[in-house]
Structures are given as C-alpha cells and as structure tokens.
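Read the structure below first, then the notes.
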Amino acid sequence: FSLSQNYPNPFNPSTTIKFRTPLNSPLYKRGETGGVVTLKIFDILGREVITLINEQKPAGTYSVQWNGTNSAGVQVGSGVYIYQLKTGSTFIETKKMLLIK
C-alpha cells in the first residue's frame with residue numbers, strides 16, 4: 001500500500017491524491033486481490049470533512065480529486081487538512097495538505 005503526497009500542494013481550487021493497493025497482501029484473505037479502501041479528509045482539529053472513497057477496490061493505482069468542499073458540498077476555508085488512507089484493519093497512512101484561497 002502507498003499514499004502519495006497530494007499535488008499541487010498548496011492548492012486552490014482542487015488537488016489530486018494518488019494511492020496504490022498491492023496485488024498480494026496478507027490483509028486480504030484467501031488470495032483476494034482487493035479490499036475495502038477508505039480515503040477521508042479531516043480538518044486540523046480532527047473533524048471529518050468528507051469521505052472521498054469508502055468502497056471495495058481491486059488492486060491497482062488510483063487517483064482522486066478533491067475540490068475543497070465538505071460532504072454537504074460547501075466550500076471549506078483556507079488551512080491545513082489531513083487526508084487518511086485506511087485499508088483493512090491494519091494499514092493506515094496519513095498526510096497533510098494546505099488549502100489557500
């Protein structure tokens with residue numbers, strides 16, 4: 001598994017986040033090559049802003065764009081945001097990004 005730094009960073013109005021899930025991983029049972037992937041964005045206080053991905057994903061490389069809105073579709077303010085990739089129950093990686101308006 002890997003989570004790349006978003007680009008551009010800092011960003012306005014949108015940014016791209018790339019991540020990769022492996023072909024084979026002990027997190028998957030019986031040789032499956034995919035699993036549930038969750039990608040969430042949090043504000044600096046740890047409050048969830050939006051869930052970008054929460055679904056079963058086969059192994060591969062993915063990219064997702066975030067346009068600086070929350071789950072209600074409202075633009076969020078300038079500041080530091082945290083994005084977190086979680087796969088299965090054992091892999092979690094977190095990085096930070098900066099939104100400038």
Among all residue pairs at least 6 apart or on different chains, which show Cβ distances below 6 Å where the first residue, located in region 51-71, is free of Cβ contacts under 8 Å to residues at least 24 places away in the same chain and the second is outside any strand (DSSP E or B) and surrounded by 15 or more Cβ atoms within 10 Å (Cβ to Cβ)? Asn70/Val76
Of residues in region 76-92 being part of a strand (DSSP E or B) and modelled with pLDDT of 95 or more, the one surrounded by the fewest Cβ atoms within 10 Å (Cβ to Cβ): Val80
Would you tally the residues in region 62-75 being in a loop (DSSP other than H, G, I, E, B), exposed (fewer than 15 other Cβ atoms within 10 Å of the Cβ) and not hydroxyl-bearing (Ser, Thr, Tyr)? 5
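The values are calculated or read from the model by the stated rules, or taken from the named source; none is laboratory data. Just so you know, these numbers come straight off a predicted model, no measurement behind them. Here Cβ is always computed from backbone atoms with ideal geometry, including for glycine, and neighbour counts include all displayed protein chains.
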